[in-house]
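> Before I ask anything, here is the structure I am working with.
The values are calculated or read from the model by the stated rules, or taken from the named source; none is laboratory data. What you see is a predicted model; the values in this text were computed from it and never measured. Positions of Cβ are backbone-derived with ideal geometry, glycine not excepted, and every protein chain shown enters the neighbour counts.
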Amino acid sequence: MEKKRLFPFVFPLCDYRGRFLRPFDLIKSRTFSCSYLLIVCSIAFFLGFGHWGGHRCESFIEQLACSSSIWPNKLFSKPHEYFLSFFTSPYFHNDLPHLRLVLYGFLIFGQSFEAWNNPKSTFILFFSCISFTCIIMGLFINIGYYFDSDSDFFNSAISRGFIGGSVGMFGLLGGLSNHSRKKWLIPLLVVIFEIWNVFVNGISTFISMGHLISFFFGFFFWGFCIKKNLFIKPSI
C-alpha cells in the first residue's frame, strides 16, 4: 500500500499519482476548478470588481456584486435571497488581491482536492461548506445583533455584504487534509495562518471565522465521506 503524503497537493497538470495528463483528461479531472476559475477571471477581466462590504453599489459591476452578495440582514427578512446568494457570491471579488488569494488557493488546494476525488465531489463540498458557514455565521451575527444592537462588532457585520470564493476554497482545503499522512497537520497550520490573518494582516474577524468554520466543516464532512466511501472515486 502506497504511503500517504504529508502534504497531499497535486501539480495542476498531473493526476493524484503524479502522472502528467493529456489536455482532455486534465479538463475532465478538473472540470469544476477550470470552470470556476474561468468564470471568476472573466467577470473580473470584463466587468471588474465589487466593493469591500458592498458599501458602494454604483457602477454596473458593483450593483451586480451587491445583488449577489451574502447579506446577513436578509437571513430572516428575505431568506430566499439569502440562500440564493450561497451560489452567486463566490463568483465576485472585491479587488485584485482578493481574487489572487482565491486563484492561488484553487491552483494549490482546490484542484488538488478535485484530483484526489472528482468534479462532482468538489462541487458538492465547495457549496456545502459555503452553505453551512453562511447559515452558522448568519445566525451568529443576527442573534448577536438582536441581543447587543449597540455593538460595533455586530453592527459592522450585519450591515455589510460578503462575496468571494475564499470560504469555499478553505472548505476544499479542509477536505483535502484528510488525504494527508498527518491529517491534523494542515488544520494546525490553517489555525496559525488565521491568527496571523486577524492580528497581523488585519482581516475582518468575521471573514476569518468563516474561513475556519468552512475549513473544519470540510475537514469533518469529507472525513465522514471517506469513511463511508461516498463521492470519493477519482475521475481519472
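> One residue is enough: does the range 180-192 have a residue meeting the conditions in contact (Cβ under 8 Å) with a residue 24 or more places away in the chain, under 28 Å from I39 (Cα atoms) and in contact with a strand residue (DSSP E or B) (Cβ under 6 Å, 6 or more places away or on another chain)?
From the range 180-192, those in contact (Cβ under 8 Å) with a residue 24 or more places away in the chain are 180-183, 185-187, 190; that's our starting set.
Among the residues that remain, those that are also under 28 Å from I39 (Cα atoms) are: 190.
Now narrow it down to the ones that are in contact with a strand residue (DSSP E or B) (Cβ under 6 Å, 6 or more places away or on another chain): none.
Taking every residue of the range 180-192 in turn, none turns out to be in contact (Cβ under 8 Å) with a residue 24 or more places away in the chain, under 28 Å from I39 (Cα atoms) and in contact with a strand residue (DSSP E or B) (Cβ under 6 Å, 6 or more places away or on another chain).
> Output the residues belonging to the range 62-111 that are buried (at least 23 other Cβ atoms within 10 Å of the Cβ), more than 14 Å from the chain's Cα centre (by Cα) and part of a helix (DSSP H, G or I).
Answer for the range 62-111, where residues must be buried (at least 23 other Cβ atoms within 10 Å of the Cβ), more than 14 Å from the chain's Cα centre (by Cα) and part of a helix (DSSP H, G or I): just A65.
> On to the next question. So, of the residues in the range 198-216 that are touching a Ser or Thr at 6+ places or on another chain (Cβ under 7 Å) and touching a residue at least 12 places away in the same chain (Cβ under 8 Å), which turns out to be nearest to P97 (Cα to Cα)?
Let us first name the residues in the range 198-216 that are touching a Ser or Thr at 6+ places or on another chain (Cβ under 7 Å), namely 198, 210-211, 213-214.
Still in the list and also touching a residue at least 12 places away in the same chain (Cβ under 8 Å): 210-211, 213-214.
Numbers: G210: 18, H211: 17, I213: 22, S214: 21 Å.
Here the answer is H211.
> Take the residues of the range 145-184 that are among the aromatic types (F, W, Y) and surrounded by fewer than 21 Cβ atoms within 10 Å (Cβ to Cβ): which is farthest from F127 (Cα to Cα)? Please lay out each step first, then the result.
Taking the range 145-184 as the starting set, the residues that turn out to be among the aromatic types (F, W, Y) are 145-147, 153-154, 162, 170, 184.
So of that shortlist, the ones also surrounded by fewer than 21 Cβ atoms within 10 Å (Cβ to Cβ) come out as 145-147, 153, 184.
On the way: Y145: 26, Y146: 28, F147: 30, F153: 27, W184: 23 Å.
That would be F147.
> Evaluate the range 12-29: report whether one residue or more is surrounded by fewer than 20 Cβ atoms within 10 Å (Cβ to Cβ), within 18 Å of the chain's Cα centre (by Cα) and not hydroxyl-bearing (S, T, Y).
No, every residue in the range 12-29 fails to be surrounded by fewer than 20 Cβ atoms within 10 Å (Cβ to Cβ), within 18 Å of the chain's Cα centre (by Cα) and not hydroxyl-bearing (S, T, Y).
> Of all residues in the range 185-215, which are surrounded by 13 or more Cβ atoms within 10 Å (Cβ to Cβ) and outside any helix (DSSP H, G or I)?
Passing the criteria: I203, S204.
> Can you go through I192, I236, I163 and tell me which one is modelled with pLDDT of 95 or more and touching a Ser or Thr at 6+ places or on another chain (Cβ under 6 Å)? Quick ask: steps written out before the conclusion?
Details: I192 fails: touching a Ser or Thr at 6+ places or on another chain (Cβ under 6 Å); I236 fails: modelled with pLDDT of 95 or more.
Residue meeting the stated conditions: I163.
> Now a separate question. How about the range 150-184: which of its residues are of a type outside the set (S, T, N, Q) and in a loop (DSSP other than H, G, I, E, B)? Talk me through it step by step, then tell me what you get.
Pass one, the range 150-184, residues of a type outside the set (S, T, N, Q): 150, 152-154, 157-158, 160-165, 167-176, 179, 181-184.
Listed by number, the residues that qualify are D150, R160, G161, I163, G164, G165, R181, K182, K183, W184.
> Under the condition of being farther than 17 Å from V102 by Cβ and at pLDDT 95 or above, which residue from the range 30-59 is surrounded by the most Cβ atoms within 10 Å (Cβ to Cβ)?
Looking at residues that are farther than 17 Å from V102 by Cβ and at pLDDT 95 or above, I get T31.
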